[in-house]
Amino acid sequence: MRSKWCRAFPGLPEQVAHARHFIAALLHEQGPVEDAVLVVSELATNAVRHTLSGSAGGWFLVVIGLGDDLVRIEVVDQGGDRVPRLCDSTGQEEGGRGLRMIAACAKDWGVKTWPEGRTVWADLAREGV
Ligand SMILES: Nc1ncnc2c1ncn2[C@@H]1O[C@H](COP(=O)(O)OP(=O)(O)OP(=O)(O)O)[C@@H](O)[C@H]1O
Ligand SMILES: [Mg+2]
């Protein structure tokens, strides 16, 4: 990575918009802004909805790494009982689309587990930017 940027946000639903603005400003004219905004939106929403980041006093971190060929977007959450999982596309129920959208637009994505939380990350290509 040529450079790395990081910001912490309170674990509140309205902070997801701030995370979008943060990444859009950083990638302005030098990255895949629309895809990055989508990815950070879904990951931050998941952190707030599905992990302890969304409980009182919780927080999540957005980390953006700029490489020559890719942008790595990471959202660090505070963990909990649930585990990120890709839902299959045959289900009729609402929800379960966020990680599938990320898998569709990212070169690669994954999950790192820490003692007190997780990082869900996605790499986007910078080609053509
Ligand atoms: N950071 C996370 N930590 C723990 N579990 C997670 C995390 N992100 C997602 N999950 C789990 O993986 C499931 C799938 O996530 P996904 O974002 O695809 O769907 P969703 O959040 O349930 O619905 P949607 O994103 O379509 O509104 C979630 O329902 C949740 O159980
Ligand atoms: Mg989701």
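Values quoted throughout were computed directly from the atomic coordinates according to the rules given, and no laboratory measurement underlies them. Bear in mind that the values here come from a model prediction, so they are computed numbers and not experimental data. Neighbour counts are summed over all protein chains in view; Cβ atoms, including those assigned to glycine, are modelled from backbone coordinates with ideal geometry.
For the reader, a short list of remarks on this structure follows.
- Label separation (residue 100 vs residue 17): 2.8 nm, computed from points 7 Å beyond Cα along the C-beta direction.
- Full extension of the chain between residue 89 and residue 56 gives 8.6 nm of extra length, using 0.36 nm per residue less the Cα-Cα distance.
- Reference-scaled alpha-carbon Rg (2.2 N^0.38 Å with N residues) for the chain: 1.01
- Anisotropy class of region 43-111 from Cα gyration tensor, a/c 1.5 cut: oblate
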